[in-house]
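Every number in this text was worked out from the coordinates using simple rules, so none of it is lab data. Because the structure is a prediction, the values reported are computed rather than measured. When we count neighbours, we look across all protein chains shown, and the Cβ atoms used for this are built from the backbone with ideal geometry, even at glycine.
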Ligand code: CP
């Protein structure tokens, strides 16, 4: 594996989950693997879990992590070719990526979508530019259309908590006040399609994800119907894909409640807005596994870095 930028980079999800569990049981076993290697973490957007867990993963492998808030602290980056750079951008990605590659053995990047320019977001302009102009492996810490470190984490968490061979997993949209990206929902869908689970998606009309991501996955526009016999309810808000980036529904009836949850486990990538996306009674109950899920971010990242370190 040269880069980790998509769930499609996972060649065998069961083998990856097994290896992540081995790493979790003994996280410092490969402390020498990353010795004298540097991980650069570049954030164009905010983060708590990704920022800390990916650094923790690097430290567990003996790497030196260095972090930069690109949007606030670096020169404004230009991504278009041939631009006369007499505006707000002061440095082209061609130089920036090449320079950072000299300081870092692996570069991890977080860059959210515009949610106003569908074509630009789907082109994954930032992630692709780093892959093109950097000379070291690139890790996607959430891009315009995917969050593959989160998806790998979620697969590991479901594997740990499942109580039957083929659990039913529901990805449910829930209301939110802001327009949010599709990345988490996309990567979760893609990784569930690789696992041996019964997977369905519940969302209001107008909120179907990209048909190329959905594939054959059943879509329910009735949440109650989708939740029947669910073992895991994974909740996430996303803005409309059809009416791109718009909030066209804030119906509180889609919020996750204890009554709706039944015997299912509740998952969410966090951060989550209490009593908007999910009520307190769910998050404060034993049915919520969001803290354990967030803990697994470290081991998913560690597995990815371990696989990339073999080649640097
Ligand atoms: N789940 C997740 O990516 O969390 P952060 O945005 O805090 O990194």
Kindly express, to the nearest 10 degrees and within the range 0 to 90, the angle between helix 93-103's C-alpha long axis and the longest C-alpha principal axis of the chain. 80 degrees
In degrees rounded to 10, the 0-90 angle between helix 49-60 Cα long axis and the longest Cα principal axis of the chain is 60 degrees
Hey, rough spin-label estimate for residue 160 and residue 253, points 7 angstrom out along Cα→Cβ, what's it come to in nanometres? 3.7 nm
Beta bridges by DSSP in the chain, antiparallel share as percent, to the nearest 5: 0 percent
Helical contribution to [θ] at 222 nm, DSSP H n ≥ 4, -39,500 (n - 2.57), averaged over the chain, rounded to 500: -10500 deg cm²/dmol
Which of the peptides 299-308, 21-30 is most tightly packed, and how do the rest follow, going by the mean number of other Cβ atoms within 10 Å of each residue? 299-308, 21-30
Considering the zone a paramagnetic label at residue 29 would reach in this model (a point 7 Å from Cα along the Cα-to-Cβ line), which residues of region 131-148 have amide N under 18 Å from it? none
Starting from the 7 Å offset along Cα-to-Cβ, what nm value, one decimal, do you get for the label separation of residue 220 and residue 90? 5.3 nm
Quick one: which of 221-228, 38-45 comes out on top by average Cβ neighbours within 10 Å, and what's the full order, highest first? 38-45, 221-228
Between the alpha carbon centres of region 37-87 and region 166-237 the gap in Å comes to 30 Å
Applying a 10 Å radius around every beta-carbon, put 73-79, 260-266 in order of their mean neighbour count, most first. 260-266, 73-79
Please determine, in degrees from 0 to 90 and to the nearest 10, the orientation of helix 183-194 with respect to the longest principal axis defined by the Cα atoms of the chain, where the helix direction is its Cα long axis. 70 degrees
